[in-house]
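Report on the structure given below.
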Amino acid sequence: MKYISILIAVLVVSCGQARHKDSQPSTSVADALADTSPENNASISFTHDDLLRHDSLQIDSLTPVMLAAVSNTLNKDSAHGLIKGSPDKSGQGIYATWDYGTLFSADKKHLLVRWRRGDYPEGYLVYSDIYLSKNDRLSKLVMDTAFLETTGDTLQDVNGDGYKDYVVSSYSGVGCCPRDAQVGYLYDNATGDFKVESFFNPTYIPSQRLVYESNYGQTGLFAFYKSKWVGLEKVLVESIHPTPGKTPIEPAFPYTFMLFRYPGERTSIIKAVPEEYKRLGLYEYFILYQEQ
């Protein structure tokens with residue numbers, strides 16, 4: 001785009017050499033290009049389709065310039081950078097911050113690009129890219145288009161395998177009940193790729209390889225779900241619900257709870273909530289109906 005003004009700031013930290021064999025076709029970064037086509041990349045996810053045309057055009061124009069800057073850092077241990085596009089009629093524009101290095105594991109290097117709309121550094125996340133670096137080449141593995149209500153993103157070990165994963169969080173501005181929706185890109189160190197997993201109101205316990213989630217509902221209809229990790233697979237093992245009364249929306253009194261164990265949905269009625277659920281941040285909401 002003719003009228004795009006570009007600012008690139010690159011911070012390079014220490015030195016090292018990538019040692020990865022090229023196991024799949026990719027495009028030379030030296031030519032400021034990368035393999036961005038989704039056909040051969042299973043970890044590509046789109047969560048909404050309303051990116052502004054201005055943003056899309058600027059991202060398309062700025063990406064080759066950013067990759068040209070990154071190509072000068074592929075021999076380094078780590079690098080960080082910033083690239084800005086021109087503002088639109090509202091006075092806002094697109095900018096990207098990028099981080100390169102051993103972001104997810106010690107033996108592979110990745111490039112994480114966060115595209116944001118607004119004024120640097122307080123813009124909101126609209127788009128994320130993750131590339132794998134092999135032999136001075138980059139292959140795009142992840143494309144994430146964030147919800148408008150995105151609240152942030154983190155690098156954290158979700159499933160307790162010792163490797164960091166990439167998690168994007170959003171919280172809808174419309175709704176009656178807790179609604180922390182998260183998309184996790186779970187890192188597979190064997191391939192350097194990612195598996196996409198969705199979470200709702202999650203609490204991660206990586207030390208126990210557990211994740212607790214919930215449904216969407218008002219107190220009295222709100223339930224917890226416990227899953228364990230088997231590799232990169234999330235396996236449901238238990239759920240707890242208020243025991244329904246004469247109608248589905250009216251819990252039984254005296255208050256009890258239905259505990260389901262999976263597989264098989266074995267059911268038991270219990271009088272007290274197990275301690276592990278009392279430690280969850282939404283526990284007070286879970287039993288709030290008892291005070292109404």
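Here are a few things to note about the model shown:
- Being in the same structural domain as I249 (by TED's automatic domain parsing) and in contact with a Ser or Thr (Cβ under 7 Å, 6 or more places away or on another chain) is true of Y212.
- The residues of the range 141-182 that are over 16 Å from W229 (Cα atoms) and among the β-branched types (V, I, T), listed by number, are V142, T145, T150, T151, T154, V167, V168, V174.
- Failed item, numbered, when A106 is tested on (1) under 15 Å from the mean Cα position of the chain (by Cα); (2) at pLDDT 90 or above: (1)
- Of the residues making up the range 277-292, those that are without any contact (Cβ under 8 Å) to a residue 40 or more places away in the chain and under 21 Å from I205 (Cβ atoms) are K278, R279, Y283, E284.
- Among the residues listed as T73, T63, the single one being under 24 Å from F194 (Cβ atoms), modelled with pLDDT of 85 or more and either in a helix (DSSP H, G or I) or touching an Asp or Glu at 6+ places or on another chain (Cβ under 9 Å) (or both): T63
- Within the range 213-269, being outside any loop (DSSP other than H, G, I, E, B), surrounded by 13 or more Cβ atoms within 10 Å (Cβ to Cβ) and over 33 Å from the mean Cα position of the chain (by Cα) holds for P244, P251.
- Residue in the range 136-149 that is of a type in the set (F, W, Y) and modelled with pLDDT of 95 or more present: no
- When the range 207-251 is filtered for residues that are among the β-branched types (V, I, T) and more than 21 Å from Y187 (Cβ to Cβ), the ones remaining, listed by number, are T219, V237, I240, T243, T247, I249.
- T243 at negative phi, of a type outside the set (K, R) and at pLDDT below 95: no
- For N189, the conditions (1) among the polar types (S, T, N, Q); (2) in contact with a Lys or Arg (Cβ under 9 Å, 6 or more places away or on another chain); (3) modelled with pLDDT under 95 are fulfilled apart from (3).
- Residue that is farthest from Y212 (Cα to Cα) [pool: residues in the range 140-188 that are among the aromatic types (F, W, Y) and part of a loop (DSSP other than H, G, I, E, B)]: F147
- The listed residue being at pLDDT 95 or above, buried (at least 17 other Cβ atoms within 10 Å of the Cβ), in contact with a Gly (Cβ under 8 Å, 6 or more places away or on another chain) and in the same structural domain as A96 (by TED's automatic domain parsing), out of L125, L132: L132
The values are calculated or read from the model by the stated rules, or taken from the named source; none is laboratory data. No experiment lies behind these values; they were computed from the predicted model shown. So basically every Cβ, Gly included, is an ideal-geometry build from the backbone, and we count neighbours across all protein chains shown.
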